[in-house]
Amino acid sequence: SQQGEEDPQALSIQEGENATMNCSYKTSINNLQWYRQNSGRGLVHLILIRSNEREKHSGRLRVTLDTSKKSSSLLITASRAADTASYFCARGGFKTIFGAGTRLFVKA
Amino acid sequence: EAGVAQSPRYKIIEKRQSVAFWCNPISGHATLYWYQQILGQGPKLLIQFQNNGVVDDSQLPKDRFSAERLKGVDSTLKIQPAKLEDSAVYLCASSLQSAIETQYFGPGTRLLVL
């Protein structure tokens, strides 16, 4: 069964707004990874945050990790229409387990 | 650097037929993964290879699915016989050493079983 669960399942925002997606997991992790998937395409890696890290940035992306709450969040600032995609968190360890994803729609 | 290659990109078959998918990982990547992604869901790991050995195949329906990675490079995933519920996108990914690293995904093969 999937052990990474994203929240919300879907999110619709206006261009320029920030988008926040959350991920919860059940067991201990080595790292947590975030991926983006555009419609009909393969997944693209965004950020990997290790279990001993609390925050990472990459451009307009900010990921936080709270291992005590077994949760992570992905923040996309100043969203663009091109950010429209599905976003998945994946628990990294002996094997990688993906959640069901958050579908983000950014309206121009 | 060339990415992960997969073929075919699309396949339509009838139930009970067989089908095979091919994957060529990024050069030098020891670990190769096959995922099944049903519409509206996240990818589900089917099998993970480390070089040409199987690390995990706990979610592979072994009565109908098989996979091999000869010489630790290319891999094939086969379904025989196919069922309607096998309709999905089959994604191949690779990583340099293990599952604690970034995975690089191919474009996927979209399978429709009629």
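Things worth noting here:
- For the range A:1-72 versus the range B:63-91, the spacing of their alpha-carbon centroids is 29 Å.
- Cα coordinate range in chain A, projected on the principal axes (Å, largest first): 39, 27, 20
- Only Lys, Arg, Asp and Glu carry charge here, each on its Cβ (+1 for the first two, -1 for the last two); on that basis the protein assembly as shown has a dipole of about 220 debye about its Cα centre.
- Computed from backbone phi with θ = phi - 60° and the Karplus coefficients 6.51, -1.76 and 1.60, the 3J(HN,Hα) list for the range A:37-47 is 9, 7, 3, x, 10, x, 7, 10, 6, 9, 8 Hz; x is used for glycine and proline.
- Cβ-based charge dipole, chain A, positive-most Cα from A:F105, A:A81, A:S58: A:S58
- Cα-based Lys pair tally, chain B, threshold under 23 Å, eight or more apart or on separate chains: 14
- Only lysine pairs 8 or more places apart, or on different chains, with alpha-carbon atoms under 28 angstrom apart are counted in chain A, and they number 10.
- About its Cα centre, the dipole of chain A is roughly 260 debye, where the only charges are +1 on Lys and Arg Cβ and -1 on Asp and Glu Cβ.
- Estimated translational D of the range B:5-113 in µm²/s (Stokes, Kirkwood radius over Cα pairs; 4 °C; 1.567 mPa s): 95 µm²/s
- The value of relative contact order for chain A, using C-alpha pairs under 8 Å at least six residues apart, is 39 percent.
- The protein assembly as shown: radius of gyration over Cα atoms, expressed as a fraction of 2.2 N^0.38 Å: 1.01
Only the coordinates and a few stated rules stand behind these numbers; no lab work does. The structure displayed is predicted, hence computed values, not measured ones. Heads up, the Cβs are rebuilt from the backbone with ideal geometry, glycines too, and the neighbour counts pull from every protein chain shown.
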